[in-house]
Amino acid sequence: YRDVSEAEREHTRLLWLAEHDFLTGMPNRVKLQESLAESVALAREKGRLTGFVFIDIDHFKNINDTFGHDVGDMVLVNFAKRIRNSLPESALVARIAGDEFAVVIHELEQEAQLRELMDEVFAAMQRPFKLDEIDIPITCSAGCVLTDGSTHPDEVIRIADKAMYRAKYEGRNRYLVEPIVQIT
């Protein structure tokens, strides 16, 4: 007989690593794209909306330059937790790169729901991040898009990314919601 439990644990660990960010434990870009594709298909099927959000920490480079990368890493971990705790359990929150996060919110009925959720996320960021006796104020910018499922997931991502950069350009510490995207 051969003990396969160690091999199974290693396989499970490798699968987790393939779909998650090591620092924050959040899903990564791979898992995000899977979730978005599924949510867009469900939106089309059920006549609901999918919300997609790109969130970026404002001036994150200054945190790393001023306090060091260890503090920057702690900010990223805590930032991810605040986003996660501000949203319904069914939402997928992912770290996609550096200080960029993305969210897939399944089965929304109207834009007002997305705005309420984003208000909660931004309210959670109002408290400074307390790390090693240091209060670090954090702001973020976000681009949000709603789709009824008629839009390819790559286009949803592109539109949200563009809206996030527009939010930064318009002064940071804000979110912009793009209307329902319907491309036929």
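The values are calculated or read from the model by the stated rules, or taken from the named source; none is laboratory data. Keep in mind the model is a prediction, meaning the values are calculated, not measured. As a convention, Cβ positions derive from the backbone with ideal geometry for all residues, glycine included, and neighbour counts pool all protein chains shown. In case anyone asks, the SASA skips ligands and DNA or RNA and just uses the protein heavy atoms, side chains included. Shrake-Rupley method; radii C 1.70, N 1.55, O 1.52, S 1.80 Å.
Exactly which chymotrypsin sites (Phe, Trp or Tyr not before Pro) in region 1-101 are in a DSSP loop and have at most 10 other Cβ atoms within 10 Å?
Tyr1, Phe22
Rounded to whole Å and sorted largest first, what semi-axes of the equivalent ellipsoid does the C-alpha gyration tensor of region 40-127 yield via the square root of 5 times each eigenvalue?
On the way: eigenvalues 165, 33, 19 Å².
Semi-axis lengths for region 40-127 are 29, 13, 10 Å.
Once neighbouring chains are kept in place and the probe is 1.4 Å, which whole percent of the accessible area of region 1-120 is contributed by carbon and sulfur?
Looking at region 1-120 in its full context, I get 51 percent from C and S.
So which lysines pass the test for Lys130, namely a Cα distance under 23 Å, with those fewer than 8 places away in the same chain ruled out?
Reachable lysines: Lys61, Lys81.
When Rg and Dmax of the Cα atoms in Å is calculated directly from the model, which label among (1) 27.4, 94; (2) 17.7, 65; (3) 16.8, 51 fits?
Checking each listed value against the structure points to (2).
Given a 1.4 angstrom probe, what's the average accessible area per residue across region 24-147, in square angstrom?
Per-residue accessible area for region 24-147 comes out at 45 Å².
Of all DSSP beta bridges located in the chain, what percent are antiparallel, nearest 5?
Given both bridge residues lie in the chain, the antiparallel proportion sits at roughly 75 percent.
Given the C-alpha centroids of region 1-72 and region 130-169, what is the distance between them in whole angstrom?
Their Cα centres are 16 Å away from one another.
Could you work out how much longer the chain between Glu107 and Asp65 gets when fully extended? Use 0.36 nm per residue separation minus the Cα distance between them, nm to one decimal.
Values: separation 42, 0.36 × 42 = 15.12 nm, distance 4.01 nm.
So the extension gain works out to 11.1 nm.
Between Leu14 and Arg48, what FRET efficiency follows from the Cβ-Cβ distance if R0 is 30 Å, with the result rounded to 0.05?
Working: r = 34 Å, r/R0 = 1.14.
Once rounded, the FRET efficiency stands at 0.30.
Before rounding to the nearest 500, sum -39500 (n - 2.57) across all DSSP H runs of length at least 4 in the chain and divide by the residue total; then give [θ] at 222 nm in deg cm²/dmol.
Result for the chain, helices only: -16000 deg cm²/dmol.
Using a/c under 1.5 as the rounded threshold, could you call region 1-52 rounded, prolate or oblate? The axes a ≥ b ≥ c are square roots of the C-alpha gyration tensor eigenvalues, and prolate needs a/b larger than b/c, oblate otherwise.
Taking the square roots of the gyration eigenvalues as a ≥ b ≥ c, region 1-52 is oblate.
With r as the distance between the Cβ atoms of Ala41 and Arg158 and R0 = 22 Å, compute the FRET efficiency 1/(1 + (r/R0)^6) and round to 0.05.
0.75
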